[in-house]
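Trainee: Got a structure for you, questions after.
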Amino acid sequence: TWSLYQRHEAAVQMVNGAASLNLEKNFIPLAALHIGIWIAGLAGIVYCKKRTKKHEERILKSNIRMEAILDSIQSGVLLIDAESHTILDANPAACAILGVEKEAVTGKRCDSSIGIFDNENCQAEKKEKAVYNTEVEVIRGNGKRAYIIQTVTPISIENYPYILVSFNDISERKQMEIDMKRLNSELEQAIITAEALKTKAEAASSAKSQFLSNMSHEIRTPMNGMIGITEILSGTGLTNEQRELLEIIRSSGNALLTIVNDILDYSKFEAGRFTLENIDFDLRSAMEEVNDLLSEKAKEKGLEYISNISPDVPSLLRGDPGRIRQVIINLISNAIKFTKQGKIQFEVSLISESKSNAVIQFSVMDTGIGIPHDKQAMIFDSFVQVDGSNTRRYGGTGLGLAISKQITEMMGGEIGLESDEGKGSRFRVILTLERQREKDKSAVSISASLKEKRVLIVSDTETGRNCLMDYMNKWGCAYGAASDAPGALEELRFAHDCKSPYEIAIIDLQLSDMDGEALGANIKKDPDLKNINLIMLASHGCRGDAARVKNSGFSAYLTKPVDEAQLYECLSIITDRKREMKRESPVEIITRHSISEDKKRRLRILVAEDDTINQKIIISIMAKIGYMAKVVINGHEAIRALEQESYDLVLMDCQMPVMDGYEATAIIRSMDSKVKDHDVPVIALTGHALDGDMEKFIKAGLDDYLSKPVKPQELADMIDKWLSKQEPVQDKEVTAVNMDTEDDVFDLSVLMSNFSEEKSLINNILNDFCEYLPDKLSALKDACAKNDSHLVKHEAHALKGSSGNIGAIALQKIARQIENWAKSGDITGIDTLITQLDEQSEILLTAIKGLLSQE
Ligand code: ADP
């Protein structure tokens, strides 16, 4: 019913509409547009020819062309009655895209069942303008979804409104977009899940670490208790058999503790929780501790143990001394374990150095079983042993080298080995260590109580006077000196007359004209001088001397060589006593024993420890070495105690209920807390592997740490280390004084108390000592001949310990002086002390042999 013109006009509009679709793909070529224009032109001509037949033919032709175009065009085109919304025409592409037959569409109302035009149509209708390129979802004839992009154009043909819809199928692209969106959202979901898993894993890891830390504490506490109890038991009266059994318990306990520590270290690596500290340390001291620990073990096995630290290796370095020690101890322990005969040689040498760093090689060589070439690479793996069979002869976990490798590599170093089966092995560790920065050497604080004190030194030898004068100078005393008794009396009276009397006189027992005791008695007889405090300096101590000189009016009795710290302490006690005016009556005479007892008794030590067994162990060790301590059970109690009174030292367990050691220490150090002394030395009590990081302690305000199980000697050394700091003792200034060294040659009571009065054991020890002493002396002399101060120090240290253990006090004292002297690195002039040592050794050996022959 449409006129030809209408059809033509619609065709032109449809073609234009299709052309307006702005698509990337299947886009109607420009040519179509041109065709449209051309057709329009043509139609115009036809129209102008006033519908002549010819024109009609042309229009017909044009229509045919138009239909051909519409039929072949890839965009869908629909013509809709704008009034009734009836679809008037649809091209084949439209039918194909919508998946319907033409008949099923034309004549139908376009509605949501086709879903294609609704809103846009209305809009277009209202606004009377085209709506371009909207994306619409439609339901195809087969019920499936499709996506189209459409342009809706209101048109008017012969003043009648139509709607032209042209569209293209974009289902494929849309599907891709949908897939992409889904993928993206899946990805986002995956990220969220991963984040959640990460948080969970972190929580699990921290729980694992916490568990490890707790487990470590739980395992170690009873182990430490057991090992500590063996220490106490060993000091009680035991039969030989009991002692041997106790030794087995102790060594098995230590072995178990080592394994627990190894496993914990390994787990820490696994959990990524293994950390290193970076602190100042003395490499020589650290390596000496290793030697002290292991040389005896090697010797017990009949192996020669040689240790040498090359003189050019710098001592003052920065790093993690505990972990370096751990690696070296592991290597040397292995060397001892896998060597039946021959020697273990430990060497530390310098590879290169700069201002800031030193590259140091630690080498451990043995003459043991060696390691086959094909096994050398794998022994650094965890749980690997050359002999992994059930019948293996050597114990161990196969973790030591794996841990050593990890530690070394964490320090940026390397570990390697050379070995020949049956001949021996050489393990090498190379580390680059930071050198310490130059520090201000802080001046030793001098107690104000000795400053300006008027002291007279009376000695007939120049060396004796000079030595004492040096001390007086150092302590800021106002001193005078006299070389004989008349000179001394004259000086004392003169000072009295000048109204600047002496307060103390230090008198040598042996004076050329009158003995010191008589001089003392004369001073005490003089009413002007009788208040002067007298100190007797005897060349050798004889039993009963102290009591006798006390009766002569002396306040103190010391023996030569005079120990600087002892003399200082003695002068301080006298000064303090003078200050306490109530104590007018004669008091106990001060001797070296009373000085050390007094010093120990005056110290206030606080122990914060929650475990009752550990408390008992520490208190009994303290009592044994002469100290008393107050015990509290947690950090909170410790703070309360420290608020009530000042202490000289605090031993603080790190892990305690209510308040742990770290928190308590932080409170002690905080100026806001009511603790009386914020600077009190706080020593951490800790298990080795878990909490051994010094850096952490220092950060927490702790000063040092003691590993559990606490050993008597270590505790004594630690107390000494922190409390001797209060004294103005400077190692290097130790000077030999003239003396006849018969001073307490040998105190049997020390041996008796150390070894529970067991005669046979004591005799064995003394016999061994008689063999040991000449060897030690010659080793010491060799070291002096080589001018090796470090070795001198080492030998003297060993001699000091062994002579102290048997009660050879005089020998111990000389050995200590030699050790202190050698610490300075310069041993020129040490010969005097070596001669004294020789002489004293002779005296001692004669005394011991005499004693043994009486048995
Ligand atoms: P462990 O000694 O506990 O078995 P390590 O990791 O320290 O574990 O050592 C792994 C293995 O390497 C040892 O079991 C031993 O077979 C071998 N090994 C280590 N050091 C030596 C050595 N000095 N001589 C011979 N074999 C050694």
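Trainee: Give the ranking of LYS616, LYS800, LYS499 by solvent-accessible surface, highest area first, calculated with a 1.4 Å probe. Working shown, then result.
Mentor: Numbers: LYS616 140, LYS800 45, LYS499 170 Å².
In descending accessible area the options line up as LYS499, LYS616, LYS800.
Trainee: Leaving ligands and nucleic acids out of the surface, order HIS85, HIS496, HIS373, HIS636 by accessible area at 1.4 Å, largest first. Could you put the intermediate results ahead of the total?
Mentor: Details: HIS85 30, HIS496 55, HIS373 130, HIS636 85 Å².
If we order HIS85, HIS496, HIS373, HIS636 from most to least accessible, we get HIS373, HIS636, HIS496, HIS85.
Trainee: Which FRET efficiency value, to the nearest 0.05, is calculated for ASP672 and LYS337 with the Förster distance at 41 angstrom and r the Cβ-Cβ distance? Display every interim value, and only then the final one.
Mentor: Values: r = 53 Å, r/R0 = 1.29.
Computed FRET efficiency for ASP672 and LYS337 comes out at 0.20.
Trainee: Sticking with this structure for a sec: Keeping all protein chains in position, work out how much accessible area ARG435 exposes to a 1.4 Å probe, and write it in Å² to the nearest 10.
Mentor: 70
Trainee: If eta is 1.306 mPa s and T is 10 °C, what Stokes-Einstein diffusion coefficient results for the range 266-307, Kirkwood Rh from Cα pairs, in µm²/s? If you can, show how the numbers build up before the last one.
Mentor: Details: Rh = 13.0 Å.
Answer from the Stokes-Einstein relation: 122 µm²/s.
Trainee: How big is the range 614-658 by the Kirkwood estimate over distinct Cα pairs, in Å?
Mentor: Its Kirkwood hydrodynamic radius stands at 11.4 Å.
Trainee: What figure, in Å² to the nearest 10, do you get for the accessible area of ASP782 with a 1.4 Å probe and non-protein molecules left out?
Mentor: 90
Trainee: For the ranges 244-257, 401-414, what's the packing order if you count other beta-carbon atoms within 10 Å of each residue, average per peptide, and put the highest first?
Mentor: Working: 244-257: 14.4, 401-414: 18.9.
Ranked from most to least packed, the peptides come out as 401-414, 244-257.
Trainee: Here is a follow-up. Keeping all protein chains in the complex and leaving out DNA, RNA and ligands, what accessible area do you get for PHE274 with a 1.4 Å probe, in Å² to the nearest 10?
Mentor: It works out to around 10 Å².
Trainee: Let me ask something additional. Could you list which residues have their amide H under 5 Å from that of VAL607, counting only those 5 or more apart in sequence or on another chain, with H placed in the peptide plane?
Mentor: Result for VAL607 returns LYS630, VAL631, VAL632, LEU651.
Trainee: How would you order 502-514, 521-533 from highest to lowest mean count of nearby Cβ atoms within 10 Å? Mind dumping the intermediate values first?
Mentor: Numbers: 502-514: 20.5, 521-533: 15.9.
Highest-to-lowest ranking by the protection proxy: 502-514, 521-533.
Trainee: I would also like to ask the following. Run through the range 606-668 and list the GluC sites (Glu not before Pro) located in a DSSP loop whose Cβ has at most 16 other Cβ atoms within 10 Å. Let's see the in-between values first.
Mentor: Numbers: sites: GLU609, GLU637, GLU643, GLU645, GLU663; in loops: GLU609, GLU645.
Of the GluC sites (Glu not before Pro), the ones in loops of the range 606-668 whose Cβ has at most 16 other Cβ atoms within 10 Å are GLU645.
Trainee: Continuing with this model, one more query. What full-extension length gain, to one decimal in nm, is calculated for SER205 and HIS373 as 0.36 nm per residue of separation minus the Cα-Cα distance? Working shown, then result.
Mentor: Working: separation 168, 0.36 × 168 = 60.48 nm, distance 3.85 nm.
Length gained between SER205 and HIS373: 56.6 nm.
Trainee: Oh, and also: Rounded, prolate or oblate: which fits the range 200-333 when a ≥ b ≥ c are the square roots of the eigenvalues of the alpha-carbon gyration tensor, with rounded for a/c under 1.5 and prolate only if a/b beats b/c?
Mentor: On the way: a/c = 2.48, a/b = 1.11, b/c = 2.23.
Oblate is the answer for the range 200-333, as a/c is 1.5 or above yet b/c matches or exceeds a/b.
Trainee: Which shape class, rounded, prolate or oblate, goes with the range 290-416 when its Cα gyration tensor gives a ≥ b ≥ c as root eigenvalues, a/c under 1.5 marks rounded, and past that a/b bigger than b/c marks prolate?
Mentor: Numbers: a/c = 2.16, a/b = 1.40, b/c = 1.54.
Oblate.
Trainee: May I ask you to evaluate 6.51 cos²θ - 1.76 cosθ + 1.60, the Karplus curve with θ = phi - 60°, for each residue of the range 54-68 and list the ³J(HN,Hα) values in order in whole Hz, giving x for glycine and proline?
Mentor: My calculation for the range 54-68 gives 4, 5, 4, 4, 5, 4, 4, 4, 4, 4, 4, 5, 4, 5, 4 Hz in order.
Trainee: Return the distance in nm (one decimal) between the two label points of a simple spin-label model at GLU218 and ARG640, each offset 7 Å from Cα along Cα→Cβ.
Mentor: 2.9
Trainee: Then there is this: How much space per residue, in cubic angstrom, does the convex hull of the C-alpha atoms of the range 784-839 take up? Write out the running numbers ahead of the final one.
Mentor: Working: hull volume 3.4 nm³, N = 56.
Per residue, the Cα convex hull of the range 784-839 comes to 61 Å³.
Trainee: Separate question: Under a plain spin-label model, where a point goes 7 Å from the Cα along Cα-to-Cβ, how far apart in nm are GLU353 and LEU748?
Mentor: Here the answer is 5.1 nm between the modelled labels.
Trainee: Multiply the residue gap between GLU67 and ASN133 by 0.36 nm, knock off their C-alpha separation, and tell me the result in nm, one decimal place.
Mentor: Working: separation 66, 0.36 × 66 = 23.76 nm, distance 2.41 nm.
Extending this stretch completely gives an extra 21.4 nm.
Trainee: Which peptide among 646-657, 143-154 comes first, and what is the full order, when sorted by highest mean count of other Cβ atoms within 10 Å? Don't jump to the answer; show the numbers that get you there.
Mentor: On the way: 646-657: 21.6, 143-154: 19.0.
Ranked by mean Cβ neighbours within 10 Å, highest first: 646-657, 143-154.
Trainee: Run the numbers for GLU409 and GLU714: contour at 0.36 nm per residue of separation, minus the present Cα-Cα distance, in nm. Provide the component values of the computation, followed by the final result.
Mentor: On the way: separation 305, 0.36 × 305 = 109.80 nm, distance 3.07 nm.
Gain on stretching GLU409 to GLU714: 106.7 nm.
The values are calculated or read from the model by the stated rules, or taken from the named source; none is laboratory data. On a predicted model such as this, the values are computed, not experimentally measured, just so you know. Every residue, glycine as well, gets a Cβ built from its backbone with ideal geometry; the counts of neighbours run over all protein chains shown. Surface accessibility is based on the protein's heavy atoms, side chains included, excluding ligands, DNA and RNA. Shrake-Rupley method; radii C 1.70, N 1.55, O 1.52, S 1.80 Å.
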